[in-house]
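Peer 1: Sharing a structure with you now.
The values are calculated or read from the model by the stated rules, or taken from the named source; none is laboratory data. None of the values given here were measured: they were computed from a predicted structure. FYI the Cβ positions are ideal-geometry reconstructions off the backbone, even for glycines, and counts take in every protein chain you see.
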Number of protein chains: 2
Amino acid sequence: MTLNLKNLLNPKVKMSKMGEFQELQPIEGLELSAVSADLYGDGRDDLTLFYFKEGANFAAVYTTSKVTSACINWNLKIKRHFVKALMVNTKNANTFTGIKGAQGLKEIAQTLSKQLTLKSSQTPKGVSEVVKITDLLFASTGVIGEDFPHLKIKNRIPELVKKLKSEQNKFVWFKAASAIMTTDTRPKVAYEECKMGNKLIKISGIAKGSGMIAPNMATMLSFIFTDANIPSVFLKAILKKVTLTTFNSITVDSDMSTNDMVAIFSTGKAKNSKIYNVLDPKLQDFEKALHKLCLNLAKQIVVDGEGAKKFITIKVIGGRSASMAKNIGFSVANSPLFKTAIGGEDPNWGRIAMAVGKSGENIVANKMQITIGNHLVAEQGKVSKNYNEKDLKEYMKWDSIDVEVNLNLGNASHTVYTCDFTNDYIDINADYRN
Amino acid sequence: MTLNLKNLLNPKVKMSKMGEFQELQPIEGLELSAVSADLYGDGRDDLTLFYFKEGANFAAVYTTSKVTSACINWNLKIKRHFVKALMVNTKNANTFTGIKGAQGLKEIAQTLSKQLTLKSSQTPKGVSEVVKITDLLFASTGVIGEDFPHLKIKNRIPELVKKLKSEQNKFVWFKAASAIMTTDTRPKVAYEECKMGNKLIKISGIAKGSGMIAPNMATMLSFIFTDANIPSVFLKAILKKVTLTTFNSITVDSDMSTNDMVAIFSTGKAKNSKIYNVLDPKLQDFEKALHKLCLNLAKQIVVDGEGAKKFITIKVIGGRSASMAKNIGFSVANSPLFKTAIGGEDPNWGRIAMAVGKSGENIVANKMQITIGNHLVAEQGKVSKNYNEKDLKEYMKWDSIDVEVNLNLGNASHTVYTCDFTNDYIDINADYRN
């Protein structure tokens, strides 16, 4: 990883701004496994399976790109909201792979459904249950446009199914979170719990993503599992709301992926009382916990952004509307000139003013206040009276940089998270496919 | 400069795609000078004056940023379309400099008007004419938010005026074009001529710009001078039209400047017959010549883009509308992942598909054809049958890379010009202010 973990212990780094690493708890009703289909040619795990023996409610949000992976297209066709398994491969995005890519995925689904049906007949109870291909979800991530290696994947499915285990200690979770990585330098995991009625609810989530991060609606890959019993329709409403201020508020490089997907699965094993209404107070606690978990994962993705050495929080306040604040936040967060200046530890706040100006939003330059850390750097259309370059330069050395833009036009706000732009980003992406 | 000029002679580089270097011709009615106000502290020229003794019609297009320089604000207040002079300073953008910046500019204008009035009284004819501050235009470029060094500039005005010369050999033009540079590595000049009736019309133009290049309406600094006699209202119409497909079709880093300005001045000394109608055929030849000149300058800016090693032409055809084609062109041209792949000479066309997909335009992935050079790389939603990575890798070594995206949805097209994204861009911008 490029961001030094040791720095997280540096008192000058605001830990609360960074993603936290937590030990995940097992989710009853879930089994998982990860194997290598040798897609990278070096034996690393690249195939992961999440299996819900008794099924799970699910909800997902997907990329809004007009160029989408065969797996996204597959998932969008699944109209039911109760599934049996999710399989994830890395290395190959199965995007722009034509009919062959879609056909390959279908063969994989057929093999997986057979193997899972077989497995279900091998339970002590001997109750065989057919797992249909429409019970299955898929996610892929990796290079776009290369032939989808469906045979390599298909051949490993028996082993993948055989290795399924309900045991979920931290090593099992890390193995799964590692198997879905591409250019990520570390697995991303998060855990939260809450109460629903008198039942303790567990939520365990993993994510991957490092470049091509500029989500819209959904982002990268993140899979979240809970033992709560929540109908899919409510899961969907909560997930959409939560992603707005978490996964959809981060950017690494302004490039939106063709394979973005965030999915949540609820096994119902916590046996909380049934929920009939989206306004049920029990859901509020769950939403709060889920928001915390998603924000944690989203921040971990930014911290691990390709080449990132600094974590940047851009808070836009005083906007006329939340969308105005969000647009301005992203205009700053996606500005290469702003991001390179932060990388260079140069408090070049003029580039923040430039990026606000180019956003297309109707701001009033003289009203805007720009604050870096606790230092007010610009107001009334000019540099602040108390501007002290030396203090600011000292602050710029921190690993986590806070920028606040107060538009002083209204009460709306939005916070966006990003990272700096460094030579390492260029090096990683100049020849990514080799 | 980072793009090796020698490569322009390499047969594998399509010279026609690059900006051409031409010897500029003198424009009658124009005098110019450049001096150092020591704004950089190293004695380089940083102050340039263009003076029209008998005035000139002018038209200009400016940045659409909501954060604008004091000089842009000044120019926008000049409601007349007949001016006497344009003064340009580099190093300091006079943006976000508050009332002090605007006041400093006014003092400069007052000094300049006095000095030019004085000069006009020293002509052999002895006819003194008052140059008013509303006869003056200004342009600034450089760091945003630092105190505007108006005294340093003001003190050099007498010398600047004294050095005005109507002589305009190539050294004089190169001196002026060099004096307006910031991170540019070479001056940008272009020359065209045309006929209006039986009169030969000369057009000489210079430009600067290297980073913060993502124009909207106008871009960076470019000043164009002609001896044609064209009313300002027609100059404006032609300039707006021409910038759409030239200066407004280039991008280096997606960051729009607070100081962008393209201005054209017509001295009328060619004495072509008066033009009463924008449809006058004489104007068409002029527009054609002006377009050629602006495209040449725009390409020179891209070639000299910060850290650029490759010139990239992205032609989007088969669009439902020109705006659709333009949005998709810029979505590709501004994608850091696409630009780093080109820099790495990696024909990673999947990133072109990704960038088209994220544009927000309603494309049909299966209809899209992507061509790099003469190589069709993707069609029918997958890699092309004739795709040959080896040939393509060879092509990627060229200095000038052509990408064509055929949407196959309609007849509209747009071409966008950009450069690759390299470590040098990061290095230049990580600590630009020092």
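Peer 1: With the checklist (1) touching a helix residue (DSSP H, G or I) at 6+ places or on another chain (Cβ under 9 Å); (2) at pLDDT 90 or above; (3) within 13 Å of another protein chain (Cβ to nearest Cβ) in hand, flag the one item B:Lys382 doesn't pass.
Peer 2: (2)
Peer 1: Restricting attention to the stretch B:156-167, which residues are surrounded by 17 or more Cβ atoms within 10 Å (Cβ to Cβ) and either within 14 Å of chain A (Cβ to nearest Cβ) or part of a helix (DSSP H, G or I) (or both)?
Peer 2: B:Arg156, B:Ile157, B:Leu160, B:Val161, listed by residue number.
Peer 1: Any residue at all in the stretch A:394-408 that is part of a loop (DSSP other than H, G, I, E, B), in contact (Cβ under 8 Å) with a residue 60 or more places away in the chain, touching a Gly at 6+ places or on another chain (Cβ under 7 Å) and not assigned by TED's automatic domain parsing to the domain that holds A:Asn296?
Peer 2: yes
Peer 1: With in contact with a Ser or Thr (Cβ under 6 Å, 6 or more places away or on another chain), outside the structural domain of A:Ala93 (by TED's automatic domain parsing), over 25 Å from A:Val302 (Cα atoms) and of a type outside the set (Ser, Thr, Tyr) as the only criterion, which of A:Lys358, A:Lys382, A:Lys390 stands out?
Peer 2: Details: A:Lys358 fails: over 25 Å from A:Val302 (Cα atoms); A:Lys390 fails: in contact with a Ser or Thr (Cβ under 6 Å, 6 or more places away or on another chain).
Only one candidate passes the filter, namely A:Lys382.
Peer 1: Hey, another quick one. Against the condition at the interface with another protein chain (Cβ under 8 Å from one of its Cβ atoms) and not charged (D, E, K, R), how does B:Ser359 come out, does it pass?
Peer 2: On the way: at the interface with another protein chain (Cβ under 8 Å from one of its Cβ atoms): yes; not charged (D, E, K, R): yes.
Considered against the rule, which asks whether it is at the interface with another protein chain (Cβ under 8 Å from one of its Cβ atoms) and not charged (D, E, K, R), B:Ser359 comes out as yes.
Peer 1: Let me ask you something else. Could you check the stretch B:119-155 and list, in sequence order, the residues that are at pLDDT below 90 and part of a helix (DSSP H, G or I)?
Peer 2: The answer is B:Lys119, B:Ser120, B:Ser121.
Peer 1: Name the residues in the stretch B:396-414 that are surrounded by 17 or more Cβ atoms within 10 Å (Cβ to Cβ) and either within 14 Å of chain A (Cβ to nearest Cβ) or not small (Gly, Ala, Ser) (or both), would you?
Peer 2: Kept after step one, since they are surrounded by 17 or more Cβ atoms within 10 Å (Cβ to Cβ), are these residues of the stretch B:396-414: B:396, B:398-407, B:409, B:412-414.
Those that are surrounded by 17 or more Cβ atoms within 10 Å (Cβ to Cβ) and either within 14 Å of chain A (Cβ to nearest Cβ) or not small (Gly, Ala, Ser) (or both): B:Met396, B:Trp398, B:Asp399, B:Ile401, B:Asp402, B:Val403, B:Glu404, B:Val405, B:Asn406, B:Leu407, B:Leu409, B:His414.
Peer 1: On to the next question. Against the definition (of a type in the set (A, V, I, L, M, F, W, C) and either surrounded by fewer than 21 Cβ atoms within 10 Å (Cβ to Cβ) or assigned to a loop (DSSP other than H, G, I, E, B) (or both)), how does B:Phe52 come out, yes or no? Outline the logic, then answer.
Peer 2: Values: of a type in the set (A, V, I, L, M, F, W, C): yes; either surrounded by fewer than 21 Cβ atoms within 10 Å (Cβ to Cβ) or assigned to a loop (DSSP other than H, G, I, E, B) (or both): no.
No: the conditions fail for B:Phe52.
Peer 1: Now for a different question. Do you know which of the residues in the stretch B:415-434 that are more than 7 Å from chain A (Cβ to nearest Cβ) and among the β-branched types (Val, Ile, Thr) is farthest from B:Pro336 (Cα to Cα)?
Peer 2: Checking each candidate, the answer is B:Thr415.
Peer 1: Going through B:Thr141, B:Thr117 one at a time, which residue ends up being of a type outside the set (Phe, Trp, Tyr) and in contact (Cβ under 8 Å) with a residue 60 or more places away in the chain?
Peer 2: Values: B:Thr117 fails: in contact (Cβ under 8 Å) with a residue 60 or more places away in the chain.
Exactly one residue qualifies, and that residue is B:Thr141.
Peer 1: Still on this structure, I have one more. If the requirement is being closer than 21 Å to B:Gly373 by Cβ and within 14 Å of chain A (Cβ to nearest Cβ), which of these qualifies: B:Ile342, B:Ile312? Explain how you work it out, then say what you get.
Peer 2: Working: B:Ile312 fails: within 14 Å of chain A (Cβ to nearest Cβ).
Among B:Ile342, B:Ile312, only B:Ile342 is closer than 21 Å to B:Gly373 by Cβ and within 14 Å of chain A (Cβ to nearest Cβ).
Peer 1: For B:Met196, which of the numbered conditions (1) surrounded by fewer than 20 Cβ atoms within 10 Å (Cβ to Cβ); (2) in contact with a helix residue (DSSP H, G or I) (Cβ under 9 Å, 6 or more places away or on another chain) fails to hold?
Peer 2: Checking B:Met196 against (1) surrounded by fewer than 20 Cβ atoms within 10 Å (Cβ to Cβ); (2) in contact with a helix residue (DSSP H, G or I) (Cβ under 9 Å, 6 or more places away or on another chain), the one that fails is (1).
Peer 1: Here are some residues: A:Asn89, A:Asn94. Which one is surrounded by 24 or more Cβ atoms within 10 Å (Cβ to Cβ) and in contact with a Cys (Cβ under 6 Å, 6 or more places away or on another chain)? Quick ask: steps written out before the conclusion?
Peer 2: Details: A:Asn89 fails: in contact with a Cys (Cβ under 6 Å, 6 or more places away or on another chain).
Answer to the selection: A:Asn94.
Peer 1: With surrounded by 19 or more Cβ atoms within 10 Å (Cβ to Cβ), in contact with a helix residue (DSSP H, G or I) (Cβ under 9 Å, 6 or more places away or on another chain) and over 24 Å from A:Gly98 (Cα atoms) as the only criterion, which of B:Gly357, B:Gly319, B:Gly329, B:Gly344 stands out?
Peer 2: Working: B:Gly357 fails: over 24 Å from A:Gly98 (Cα atoms); B:Gly319 fails: over 24 Å from A:Gly98 (Cα atoms); B:Gly329 fails: over 24 Å from A:Gly98 (Cα atoms).
Checking each option against the conditions leaves just B:Gly344.
Peer 1: Tell me whether the stretch B:263-273 contains one or more residues that are surrounded by fewer than 24 Cβ atoms within 10 Å (Cβ to Cβ), assigned by TED's automatic domain parsing to the domain that holds B:Tyr51, at positive phi and out of contact with any helix residue (DSSP H, G or I) (no Cβ under 8 Å at 6 or more places or on another chain).
Peer 2: Yes.
Peer 1: Of the residues B:Ala60, B:Ala93, only one is more than 14 Å from every other protein chain (Cβ to nearest Cβ) and out of contact with any helix residue (DSSP H, G or I) (no Cβ under 6 Å at 6 or more places or on another chain); which?
Peer 2: Details: B:Ala93 fails: more than 14 Å from every other protein chain (Cβ to nearest Cβ).
Step by step, each of B:Ala60, B:Ala93 is checked, and only B:Ala60 is more than 14 Å from every other protein chain (Cβ to nearest Cβ) and out of contact with any helix residue (DSSP H, G or I) (no Cβ under 6 Å at 6 or more places or on another chain).
Peer 1: Go through the stretch B:80-99 residue by residue and tally those that are at pLDDT below 90 and among the aromatic types (Phe, Trp, Tyr).
Peer 2: Within the stretch B:80-99, residues that are at pLDDT below 90 and among the aromatic types (Phe, Trp, Tyr) number 1.
Peer 1: Please specify each residue of the stretch B:316-343 satisfying the condition of being among the small types (Gly, Ala, Ser) and over 22 Å from A:Asp147 (Cα atoms). Talk me through it step by step, then tell me what you get.
Peer 2: The first filter runs over the stretch B:316-343 and keeps only residues among the small types (Gly, Ala, Ser), leaving B:318-319, B:321-323, B:325, B:329, B:331, B:333, B:335, B:341, B:343.
B:Gly318, B:Gly319, B:Ser321, B:Ala322, B:Ser323, B:Ala325, B:Gly329, B:Ser331, B:Ala333, B:Ser335, B:Gly343, listed by residue number.
Peer 1: Considering only residues that are within 14 Å of chain A (Cβ to nearest Cβ) and modelled with pLDDT of 90 or more, which ones fall in the stretch B:235-288?
Peer 2: Within the stretch B:235-288, no residue meets the criteria.
Peer 1: Against the conditions (1) under 17 Å from B:Val88 (Cβ atoms); (2) of a type outside the set (Val, Ile, Thr); (3) in a strand (DSSP E or B), where does B:Lys175 fall short? Just the number, please.
Peer 2: Just one mismatch for B:Lys175, condition (3).
Peer 1: Then there's this: Quick one: would you say A:Thr415 is modelled with pLDDT of 90 or more, within 27 Å of the chain's Cα centre (by Cα) and not aliphatic (A, V, I, L, M)?
Peer 2: Details: modelled with pLDDT of 90 or more: yes; within 27 Å of the chain's Cα centre (by Cα): yes; not aliphatic (A, V, I, L, M): yes.
Criteria met by A:Thr415.
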